[in-house]
Amino acid sequence: MFRTSIRNKLIAILLAAVVVPLSTSILITYGYTKQTVTQERIGVTSALLVQGKENIKHYMDTVHQATLTVYNDEKLNSIILSGATDYLSDKETYRALMHMTNAASDMYQVYLYLNKAKQPYLLINSLFQRVPVEPSPVRPDFSKSEVVIEPPHPSHQYGFAVPTYVGPAVVMTMHRSVRSVPGTEEELATLSVDINMRGLSTMLESMYDRTREQLYILDSAGSILYGPDEGAWGQRPGDGWIAHLLAQPDDSGSLAWNEGGFKGIQVYDKMTTSYMDWTIVKRIPEDLLYKQARDLTRINTFVLAAFSVLSVLVTVGAAFMFTAPIKRLLGYISVIQKGNMNVDIDMKRKDEFGILAARFGSMMEHINNLIVKEYRLELANRTNQLKALQAQIHPHFLYNSLQSIGTLALQMNAPNIYKLISSLGKMMRYSMNTTETSVPLAKEIDHIRSYVDLQSHRFDGQVSLKLELDDKTLNIQVPKMLIQPVVENYFKHGFEPSSVSVGIITVRSRTADDGRLIVSVEDNGRGAETERLNEIKLLLRRAGIGSDADSEQEDGGGIGLLNVLSRLKLLHGEEAAMDIENVKPHGFKVTLSIPCDGKEANDESADRG
């Protein structure tokens with residue numbers, strides 16, 4: 001069906017031309033949007049975790065500083081050292097503990113045990129107690145640190161009878177071993193501060209969407225200090241994702257996870273101080289992470305379906321509209337095949353089909369002269385082909401012709417003419433060779449020699465070229481036609497033919513300590529005015545970020561240099577650089593800094609220079 005029907009082929013091609021690009025666009029858009037949204041979400045989440053980490057550290061630092069009252073309060077410190085338990089000592093202890101609870105918010109209760117006096121104290125809801133009902137079972141392990149943070153748990157009574165009007169709470173306890181001198185083993189007292197988890201929870205709930213995301217705070221042992229399930233607070237579930245995340249060497253980052261009923265991205269940030277080693281983790285499920293990408297795909301799919309239906313209708317209509325004239329022409333041809341050579345082809349159209357019908361009718365009118373016309377047409381085609389072949393001049397013909405002219409110049413004892421023709425030939429061969437995109441520096445220098453030789457003859461020897469080249473740089477590959485525009489810049493803007501002094505162009509090359517190729521072109525021309533020099537430097541700074549040389553009406557010394565720098569940045573990125581400056585007493589200097597990729601040319605011309 002498709003082999004014998006242009007109409008069906010046209011319908012298939014038009015449908016493919018619409019459906020394939022739209023389908024490809026959807027796939028590409030979905031993949032790009034998915035990646036972009038993921039990176040953007042990770043970046044936003046990381047920034048949020050950094051802010052949350054700082055808030056948590058500030059919150060815990062406040063509690064930590066409050067516990068240092070046992071050292072900073074002279075009277076309380078004296079009581080701890082002496083072990084006094086009289087009325088005035090108890091009063092001072094009460095004052096110090098009240099000051100401690102006021103210094104840090106969300107303190108549920110404070111427990112202080114004096115080792116020397118073997119006296120416990122408990123301050124809860126401003127109620128100060130000193131006589132316990134039974135010994136306190138709480139005794140943390142201070143072997144590794146003087147400050148130990150106990151994960152969230154139901155509040156301890158520390159052996160005291162808690163008033164009925166004080167309800168229990170879920171707290172996180174900061175225990176401090178009070179030493180005679182911090183860092184020593186002599187323990188004088190034990191301080192335990194219970195922090196109500198309500199304040200910390202309120203702070204953390206603002207950092208995530210509890211209905212769709214998960215936020216955890218884990219300690220170094222894998223215990224959950226905070227999570228979406230309050231029943232898991234203080235527990236050490238040993239889930240695989242917790243152990244894997246805590247084993248990460250980086251202090252912050254993200255990783256994908258697809259186990260234990262969770263599939264998505266985990267963004268984490270570690271916070272480490274002298275008294276805590278915690279990790280804050282935000283788990284973003286895949287369905288939330290890629291929701292925007294899926295929504296966009298659905299929209300594109302809907303658009304594709306709508307366009308597909310419209311395309312089918314338009315395609316079928318267009319196919320019938322374009323193939324109807326062809327079927328009419330086929331009908332006329334069938335009549336002609338039956339012997340009616342005078343058939344009237346009635347197709348009054350102004351499009352290509354009308355032109356085709358008119359040409360077909362004209363052909364039938366001149367059918368008897370068809371062979372003669374075909375012969376003349378073939379003869380005309382042959383003539384045109386011959387003229388086209390004669391008009392094609394291979395560059396080698398130009399090179400050979402210049403060589404012949406040069407030889408004749410030598411025979412006529414005109415060596416200067418031969419030298420100029422030879423320089424022109426070298427320049428033509430160098431510039432017309434499109435197979436090379438990069439050349440050894442030596443080749444570029446040869447091209448500069450030929451160019452300056454021609455300019456020197458043009459200006460009656462008022463120009464000379466001075467080369468100060470490091471032999472190690474001659475084999476280094478550089479972009480073709482890189483230095484010539486810089487030299488040409490001198491003749492456009494710096495050379496003064498009326499001057500009595502000789503124009504000197506100095507080309508230098510060397511390698512920097514970091515391996516860069518440094519090429520400078522310096523002249524003794526008139527230089528650039530300060531205002532124009534600043535304008536050119538501004539153009540060069542904008543190279544590669546939207547500068548358009550065509551927007552300037554005149555070169556002015558900037559556009560040629562901008563093109564050179566743009567080529568370097570295209571090949572080597574931001575590591576390539578160009579510096580321009582005026583030289584004293586007069587002149588202009590351009591310095592190119594070109595990163596080397598370690599490639600050197602094995603070209604015979606590299607030995608010249």
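The values are calculated or read from the model by the stated rules, or taken from the named source; none is laboratory data. None of the values given here were measured: they were computed from a predicted structure. Methodologically, a virtual Cβ is constructed for each residue, glycine included, from the backbone with ideal geometry; neighbour enumeration extends over all protein chains shown.
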Just a yes or no: is a residue in segment 357-369 among the basic types (K, R), within 60 Å of the chain's Cα centre (by Cα) and either assigned to a helix (DSSP H, G or I) or modelled with pLDDT of 70 or more (or both)? yes
Complete set of residues in segment 181-225 that are under 16 Å from Y268 (Cα atoms) and β-branched (V, I, T): I217, I224
Assuming Y30 fulfils every condition listed in (1) at pLDDT below 75; (2) surrounded by fewer than 13 Cβ atoms within 10 Å (Cβ to Cβ) apart from one, which condition is it? (2)
Output the number of the condition that L565 fails; it satisfies all remaining conditions of (1) at pLDDT below 85; (2) in a helix (DSSP H, G or I); (3) over 14 Å from H493 (Cβ atoms). (1)
Just checking, does segment 86-100 include any residue being under 29 Å from M203 (Cβ atoms), out of contact with any Leu (no Cβ under 8 Å at 6 or more places or on another chain) and aromatic (F, W, Y)? no
Scan segment 185-197 and tell me whether some residue there is outside any loop (DSSP other than H, G, I, E, B), within 27 Å of A103 (Cα to Cα), at pLDDT below 90 and among the small types (G, A, S). no
Considering only segment 187-228, state which residues are within 38 Å of the chain's Cα centre (by Cα) and charged (D, E, K, R). E205, D209, R210, R212, E213, D219
Filter segment 126-153 down to the residues that are hydrophobic (A, V, I, L, M, F, W, C) and either part of a loop (DSSP other than H, G, I, E, B) or over 48 Å from the mean Cα position of the chain (by Cα) (or both) and list them by number. L127, F128, V131, V133, V138, F142
For segment 95-113, give me the residue count where each residue is within 19 Å of D73 (Cα to Cα) and either of a type in the set (G, A, S) or more than 60 Å from the chain's Cα centre (by Cα) (or both). 3
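Quick grid of which residues meet (1) hydrophobic (A, V, I, L, M, F, W, C); (2) touching a Lys or Arg at 6+ places or on another chain (Cβ under 6 Å); (3) within 25 Å of T273 (Cβ to Cβ); (4) surrounded by fewer than 17 Cβ atoms within 10 Å (Cβ to Cβ):
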residue	(1), (2), (3), (4)
G52	no, no, yes, no
I56	yes, no, yes, no
M60	yes, no, yes, no
L76	yes, no, yes, no
M98	yes, no, no, yes
May I ask you to say which residue of G264, G234 is in a loop (DSSP other than H, G, I, E, B) and of a type outside the set (K, R)? G234
Is it the case that segment 237-246 has a residue that's closer than 30 Å to Q65 by Cβ, modelled with pLDDT of 90 or more and touching a helix residue (DSSP H, G or I) at 6+ places or on another chain (Cβ under 7 Å)? no
